[in-house]
1. Spelling out what I want: for every residue of region 142-148, take phi, set θ = phi - 60°, compute 6.51 cos²θ - 1.76 cosθ + 1.60 (Karplus), and round to whole Hz; glycine and proline get x.
2. First select every other residue whose beta carbon is under 12 angstrom from the beta carbon of GLY166; then total the charges, Lys and Arg +1, Asp and Glu -1.
3. Looking at PHE81, SER54, SER176, which one has the Cα that reaches farthest to the positive end of the dipole of region 47-191 (charges on Cβ: Lys, Arg +1; Asp, Glu -1)?
4. So what's the net charge close to ASP105: Lys and Arg +1, Asp and Glu -1, counting the other residues with Cβ under 13 Å from its Cβ?
5. Output ³J(HN,Hα) for region 79-89: one whole-Hz value per residue in order, computed from phi by the Karplus curve 6.51 cos²θ - 1.76 cosθ + 1.60 with θ = phi - 60°, and x for Gly and Pro.
6. Sticking with the crude label model, points 7 Å out along Cα→Cβ, report the distance from ASP140 to LYS114 in nm, one decimal please.
7. With all protein chains present, how much of the accessible area of region 46-193 (probe radius 1.4 Å) comes from carbon and sulfur, to the nearest whole percent?
8. I'd like the FRET efficiency for TRP157 and GLU59, computed as 1/(1 + (r/R0)^6) with the beta carbon distance as r and R0 of 41 Å, rounded to 0.05.
Amino acid sequence: MVKVFKPLARLNLTGPALKRLAFTALALAPTAVFAGQCPDYLNIKLRKLHSQESVDLCELTQGKPVLLVNTASNCGFTPQFKALEALHKDYRERGLVVIGFPSDDFFQEENEEKDTAKVCYINYGVTFTMVATSAVRGSDVNPVFAYLGQQAGAPKWNFYKYLVSGDGKQVQSFNSRVKPDSDELIKAIESVL
């Protein structure tokens, strides 16, 4: 049985974009174990950055608040990886899940995933979940950012941050200039924990 992403039905996609999205949805078919416990847009598996392994976003999040960030390796905001890692370390025991989504939508990501992985894991010491490079806006948008775009607007640049409550119903967005360790974002995180 294929689960239909209800929020995605409202996108009114046609032609090649609809075919790509349908293929992606089928390829990333959700597992039945956590199907009733997470929002549709997180009920998928995505390949980890520079890996053959996949991560089940439903299993990873399990009703926890999530900070989703579109990232890029060659952006003026790339040093935010340090503060995102600090957030991950400071708040993971309290339930916050941080997930990075590398994207070349703004032409500032490495061409090779191995190079993106080097920036994240070696240069910045990232230990939070990073998924494979994908689109975060436009006709090829991945299912997670399709939902976030509907709820709070598509990212206008790299390092947009989306804080989603544990039940998936509240989505707050923060632009690139809002640093991960800013009072504004910390207060928002505290409010959903």
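1. 6, x, 5, 6, 4, 5, 4
2. Every neighbour counted, the sum reads +2.
3. It is SER176.
4. -1
5. Per residue, the Karplus-derived 3J(HN,Hα) values read x, 4, 3, 4, 6, 5, 4, 5, 4, 4, 5 Hz.
6. For the pair ASP140/LYS114, the computed spacing is 2.2 nm.
7. Its accessible area is 44 percent carbon and sulfur atoms.
8. Once rounded, the FRET efficiency stands at 0.85.
The values are calculated or read from the model by the stated rules, or taken from the named source; none is laboratory data. This one's a predicted model, so the numbers in the text were calculated from it and none came from an experiment. Cβ sites come from the backbone with ideal geometry, for glycine too, and all protein chains shown count toward neighbours. The area values use the complete protein model at the heavy-atom level, side chains included, leaving out ligands, DNA and RNA. Shrake-Rupley method; radii C 1.70, N 1.55, O 1.52, S 1.80 Å.
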